[in-house]
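Chemist: Here's a structure for you.
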Amino acid sequence: MESNQTTRVLELLKRFNNGEKVCIDKIIEEAAADAKDYVPNIWLNSKNKPVSDKTIRRVLDVLKPYFNFELIRGGKDEKGCYKAITKNAFDNFMNPEVLSLMVHTFNLANKSDLFDNFDLDDNDKNILESKIKDTNKLYDFKNKPFETKKDDMVIFKALEYAIKHQKYTKINYEVNGKNELFEVKPYKIVFINENFYIACEIEHEKLEFTMYRISKIKSVEDTSKTFHKNLEIIDFIKDMQTPFSVYKRDYKKHLIDIILEVDVSKAFYFNAKKYLKSQELLEVKENGNLLIKFRVTQTLEVKELIKRWIPHLKVIEPISLKNDIELEVKKFLSF
């Protein structure tokens, strides 16, 4: 019996190493077919019957603690199927954007006590550092510094607990150099513009939703009260494009269309990249200029983008935004 177990472990290890999927139902079907033809099969028991799915799962359990690559479930309609992430698969999905994310994540971990929360020994950490150093020899990733402190993980964990259990939470927050206490309904931790925020529903006479920058939270206090999430606010958080997104009830009815004309000399950049998720190409004019549309909650969401591209970009709609930008440029020039 022990010999069979070892053989089965080695068989699954070979399949995973070859990049094959391991499907429990298929193993049982193949064993049943071999049993009919009296063909030896390691997945047949002493009575020449296919082993149970529990037996196969026990073999998988033997592999899990010692496997040097992770087991994952298969795709759609592949219940009970597993495949290993081998080095080849890892190399195939590694592109510059993913590398950038990994480097940024590693840098963030080093700046905080994130590694202290992982079960990583010094050898594992050294391997990670070595891989990042190798990448940095080939790539140079420029990014703004993360706003993190050594004690932030305590706040993150407290917020995670409050979000998971939908609990009213009191946060001690810095406002204009002073600490103020706010009671909020936390929905999600949002990473946007290279900063972490806690997105909250609030009970206020003017506002129903706001975001607090986590680096400015001094402490988090649990309460016994729970709340039900507003489905529209959940959708709004998914649709947010910038930290300046503003929530109103029926927010989709209040969205503003911004239409910009981009000079042909800079058209490449707007064709190659979406500066906001809602960016849409409306028209390529005869002279090569682009008409671009953004849909936002308020004009503040696109003002910095517009200023960055002046004089290669101009506002077509709305006129009020065009006038605001012109006024700000005049003030700047007369300063």
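Chemist: Could you tell me the calculated FRET efficiency between V284 and V9, based on Cβ-Cβ distance and R0 = 51 angstrom, to the nearest 0.05?
Modeler: Efficiency, rounded to the nearest 0.05: 0.30.
Chemist: Could you tell me the calculated FRET efficiency between T210 and V329, based on Cβ-Cβ distance and R0 = 35 angstrom, to the nearest 0.05?
Modeler: E between T210 and V329, to the nearest 0.05, is 0.70.
Chemist: By counting other Cβ atoms within 10 Å of each Cβ, how are H228, H165 ranked from fewest to most?
Modeler: The most exposed by this proxy come first: H228, H165.
Chemist: For the stretch 234-240, in order, what is each residue's ³J(HN,Hα) by Karplus, 6.51 cos²θ - 1.76 cosθ + 1.60 with θ = phi - 60°, in whole Hz (x at glycine and Pro)?
Modeler: With coefficients 6.51, -1.76 and 1.60, one gets 4, 5, 4, 4, 5, 8, 4 Hz.
Chemist: Could you pull out the GluC sites (Glu not before Pro) across the stretch 1-40 that fall in loop regions by DSSP (anything but H, G, I, E, B) with no more than 15 other Cβ atoms inside 10 Å? Spell out each step's value before the answer.
Modeler: On the way: sites: E2, E11, E20, E29, E30; in loops: E20.
Counting only loop positions with at most 15 other Cβ atoms within 10 Å, the GluC sites (Glu not before Pro) in the stretch 1-40 are E20.
Chemist: Let me check against my output: what whole-number percent is the relative contact order of the stretch 255-334, with C-alpha pairs under 8 Å and at least 6 apart?
Modeler: 39
Chemist: Would you list W309, W43 from fewest to most Cβ contacts within 10 Å?
Modeler: Details: W309 16, W43 21.
Fewest to most other Cβ atoms nearby, the residues stand as W309, W43.
Rule-based calculations on the coordinates, nothing more; no lab input. Note that the structure is a prediction, hence the values are computed from the model and not measured. Cβ sites come from the backbone with ideal geometry, for glycine too, and all protein chains shown count toward neighbours.
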